[in-house]
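Every number in this text was worked out from the coordinates using simple rules, so none of it is lab data. This is a predicted model, so every value here is computed, not measured. Ideal geometry is used to build each Cβ from the backbone, glycine not excepted, and the neighbour counts take in all protein chains shown.
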Amino acid sequence: MAAAYNHFNTLRRPVITEKSYKATGEANQYTFRVATDATKAQVKAAVEEIFEVKVVKVQVINMPSKERRRGAHVGTRSGYRKAVIRLVEGQSLEVAEEA
């Protein structure tokens, strides 16, 4: 990545879905969209520094682009990369509490 690396460039936004919200309560996991070139170590460092929590595990998933149609017009929805972060028992994040 660039020399002027910033942790806020790694984490793009939290993923708020029913499945991710359920994992928050059951397994203490949080899901974020991350930069396409971010590694597990960079995601872990970003979450630990920004939210001041201890990360146990990071899983990274590359979501493929999908073809979408609107009548006769064909386009693609861009792919993205997401990360599922598991925190130490007893810690939590405030990102998805209001959703």
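Which numbered condition trips up Ser65, out of (1) surrounded by 10 or more Cβ atoms within 10 Å (Cβ to Cβ); (2) under 25 Å from Asn6 (Cα atoms); (3) of a type outside the set (Phe, Trp, Tyr)?
Checking Ser65 against (1) surrounded by 10 or more Cβ atoms within 10 Å (Cβ to Cβ); (2) under 25 Å from Asn6 (Cα atoms); (3) of a type outside the set (Phe, Trp, Tyr), the one that fails is (2).
For Ala35, are the conditions met, namely being of a type in the set (Gly, Ala, Ser) and under 10 Å from the mean Cα position of the chain (by Cα)?
Yes; evaluated as a whole, the condition is true for this residue.
Looking at (1) of a type in the set (Gly, Ala, Ser); (2) surrounded by 17 or more Cβ atoms within 10 Å (Cβ to Cβ); (3) out of contact with any helix residue (DSSP H, G or I) (no Cβ under 8 Å at 6 or more places or on another chain), which is the one condition that is false for Ala27?
The number of the failed condition is (2).
Quick one: how many residues across region 76-94 are surrounded by fewer than 11 Cβ atoms within 10 Å (Cβ to Cβ) and either touching a Pro at 6+ places or on another chain (Cβ under 7 Å) or in a strand (DSSP E or B) (or both)?
1
Go through the residues of region 35-49 one by one and say whether even a single one is touching a strand residue (DSSP E or B) at 6+ places or on another chain (Cβ under 8 Å) and part of a strand (DSSP E or B).
No.
If only one of Ala23, Ala27, Ala35 is out of contact with any Pro (no Cβ under 6 Å at 6 or more places or on another chain) and over 18 Å from Gly90 (Cα atoms), which one is it?
Going through Ala23, Ala27, Ala35 in turn, just one is out of contact with any Pro (no Cβ under 6 Å at 6 or more places or on another chain) and over 18 Å from Gly90 (Cα atoms): Ala35.
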